[in-house]
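Accompanying notes for the structure given below.
The values are calculated or read from the model by the stated rules, or taken from the named source; none is laboratory data. Since the structure is predicted, the reported quantities are computational estimates derived from the model, not experimental observations. All Cβ positions, glycine included, derive from the backbone under ideal geometry; neighbour counts span all protein chains shown. We work out accessible area using only protein heavy atoms, side chains counted, and drop any ligands, DNA or RNA first. Shrake-Rupley method; radii C 1.70, N 1.55, O 1.52, S 1.80 Å.
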Amino acid sequence: MDHAQALNQRREETARAWAISRGAVLVPAGLMLPVAGTDQFHEFHPHPEHAYLAGASAPAGVLAFDPGAGWTLFAHVPGEDEVVWTGAGEPLEETAAKTGLDRVLPLAALGQWLERRRGEPIAIIGNRDLLTDPRGYGLASFDHLELDVDEELSALLSLSVSESRRAKAPDELEHMRLAAQASRRGHLAGMRLARAGITERQLQVEIEAEFFREGALRTAYSSLVGSGPNGAVLHFAPSPKPMRDGELVLVDAGAEWQQYASDVTRTYPVGQRFEGVHRDLYALVLQVQAEAIAGVRPGVEFKDLHLGAANTLAAGLVDLGILRGNPHDLVDRDVHALFFPHGLGHMLGLSTHDAGGCLAGRQPSDRFGLKWLRADLPLQPGYVVTIEPGVYFIRALLTDPARRAAFADAVAWERVDAMLDLGGIRIEDDVLVTDAGAGVLTAAIPKSIAEIEAIRREALA
Ligand code: GLY
Ligand code: MN
Ligand code: MN
């Protein structure tokens, strides 16, 4: 089956699942976001529901569905000035051939299409900027069309698409494997280049250059590079800070392939070896990750994997003399979350934080140790999740007087105070749920202490 056929099958299955008998569904891609005060725009990312159903990635596209007429893509056709400044874009016939859609019409025809549905119920999924910025889609206004936007139906249909997006089809997995391969090349380059005097920014640039040399067109998200204390900021944007011997550097960077993300974190020493407590903590995070990956299989609750990882981490921190008490009790009190305040991972696909969330009927938790768990559902074959435990020394959490009083018995604060500049360690891989358990898409990116130290020895020789 070629890509266009696969997209047609995906749309047919979606329409069957939606089972609507009247009205219409609109799936806007989203509009370009201007860079304030300039005549340029931020890089455009189509809404994943549009990318998934339309197979198109241009801004201002609207995929429309009507149970009688089927699917139509309304695509922006650039005017002369736009052609002069930013190019002619893809001809509509080419979009039709690539997407398998019979009807690809200029965006200017959307107004008439909507006029014909005046008074009918309309669901809007994808990017909802169509409602707030109809002019961007060539409509004078949305209100004058007197459409009955059904919010409840919109939420239901969006959830249905999210559920379909969770299990990846073979063509999607192929893109994710290629994304992982490009990420491997970038991370290997980073492991070879890092050394005292190189800045976080320099490391980022060289890692991303390798993604692009491999054929990736974009990074899946803004690369994060934090050395020394900066590694304790969960999403640290690379700075001009030079790395120093004795520090660790945390690199969270992933290539994107055909809009499919990879999401990979590696942490390594700026010198040749993991020394002292760095080594102990790295070994612990690696163990937590290995156990979590071993627990991945169909039917397992992601939240249980997260809590299992929290327990292993707490037990390890007790062994290292950083926490005190029974690991289960410590996790019940969320003490582990002082050092591991994010979730074990998230779904991955067309977005870095993909169609996860809670299973229908569940509510997100506001518990300190669970509020950043981005997926609360049982895993199924074909799902791709990240498994990314970490341990961090975050001053904002660890010097908070209220927390220090509440956990006076549970944390060896005098040890923690000596480690406040350590930064953070995270190890993140992309894991496919298979019938047999787990397949690690990013397994070829070195992470054992022996592998990393061998690379570092050679690089710094
Ligand atoms: N790269 C962002 C994350 O790991 O969630
Ligand atoms: Mn991640
Ligand atoms: Mn990441």
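What the table shows:
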quantity: Gyration tensor (alpha-carbon) shape descriptor, the range 321-419, a/c threshold 1.5; calculated: prolate
quantity: Label-to-label distance, nm, for residues given as residue 159 and residue 112 (7 Å Cα→Cβ offset); calculated: 3.8 nm
quantity: Largest-first principal axis extents of the Cα set of the chain (Å); calculated: 71, 47, 46
quantity: Ranking by accessible area, most exposed first, for 262, 141 with a 1.4 Å probe; calculated: 141, 262
quantity: Solvent exposure ordering (accessible area, 1.4 Å, most first) of 27, 318; calculated: 318, 27
quantity: Highest to lowest packing among 143-151, 80-88, scored as the average C-beta count within 10 Å; calculated: 143-151, 80-88
quantity: Table column - 3J(HN,Hα) (Hz), the range 425-439, Karplus curve with 6.51, -1.76, 1.60, x for Gly and Pro; calculated: 10, 9, 10, 10, 10, 9, 10, 8, 7, 10, 4, 8, x, 9, x
quantity: Charge tally in the Cβ shell below 15 Å around residue 153, where Lys, Arg are +1 and Asp, Glu are -1, residue 153 excluded; calculated: -4
quantity: Stretchable slack from residue 196 to residue 5, in nm (0.36 nm times residue separation minus alpha-carbon distance); calculated: 63.6 nm
quantity: Estimated FRET transfer efficiency (residue 128, residue 332; beta-carbon r; R0 45 Å; 0.05); calculated: 0.70
quantity: For the chain, calculated [θ]222 nm from helices alone, where every DSSP H run of n ≥ 4 adds -39500 (n - 2.57); calculated: -11500 deg cm²/dmol
quantity: Nearest-10 value in Å² for the accessible area of residue 260, using the 1.4 Å probe; calculated: 10 Å²
quantity: Per-residue ³J(HN,Hα) for the range 137-149, Karplus 6.51 cos²θ - 1.76 cosθ + 1.60, θ = phi - 60°, Hz, x for Gly and Pro; calculated: 9, x, 9, 4, 7, 9, 4, 5, 6, 6, 8, 9, 6
quantity: For the range 404-412, Karplus couplings with θ = phi - 60° (6.51, -1.76, 1.60), whole Hz, Gly/Pro x; calculated: 4, 6, 5, 10, 4, 7, 9, 10, 7
quantity: Largest to smallest principal axis extent of the C-alpha atoms in the range 183-283, angstrom; calculated: 42, 26, 22
quantity: The chain, accessible surface, carbon-and-sulfur percent (1.4 angstrom probe); calculated: 52 percent
quantity: List 233, 391, ordered by accessible area with a 1.4 Å probe, largest first; calculated: 233, 391
quantity: Solvent-accessible surface (1.4 angstrom probe) belonging to residue 455, in square angstrom, nearest 10; calculated: 30 Å²
quantity: Charge sum, other residues only, whose C-beta stays under 13 Å from residue 406's C-beta, Lys/Arg counted +1 and Asp/Glu -1; calculated: 0
quantity: Heavy atoms of residue 90: accessible area, 1.4 Å probe, square angstrom to 10; calculated: 70 Å²
quantity: Relative contact order (percent, whole number), the chain, Cα cutoff 8 Å, 6+ residue spacing; calculated: 14 percent
quantity: Contour excess over end-to-end distance, with Cα ends at residue 84 and residue 16 and 0.36 nm allotted per residue; calculated: 20.2 nm
quantity: Cα gyration tensor category, rounded, prolate or oblate, for the range 1-86 with a/c compared to 1.5; calculated: prolate
quantity: Along principal axes, Cα extents of the range 374-426, largest first, whole Å; calculated: 46, 23, 16
quantity: Local electrostatic count at residue 381 - Lys and Arg +1, Asp and Glu -1, tallied over other residues with Cβ under 11 Å; calculated: +2
quantity: Highest-first arrangement of 272-279, 350-357, 62-69, where packing means the average Cβ count within 10 Å; calculated: 350-357, 62-69, 272-279
quantity: Chain lengthening between residue 40 and residue 301 when straightened (0.36 nm per residue, less Cα-Cα); calculated: 89.5 nm
quantity: Cα gyration tensor shape of the range 39-186, rounded if a/c is under 1.5, else prolate or oblate by comparing a/b with b/c; calculated: oblate
quantity: Per residue value of the accessible surface for the range 214-271 (all protein chains in place, 1.4 Å probe), Å²; calculated: 32 Å²
quantity: For the range 276-379: accessible area per residue (Å², 1.4 Å); calculated: 38 Å²
quantity: Mean Cα-pair separation over length for the range 79-190, i.e. relative contact order, pairs under 8 Å, 6 or more apart, %; calculated: 20 percent
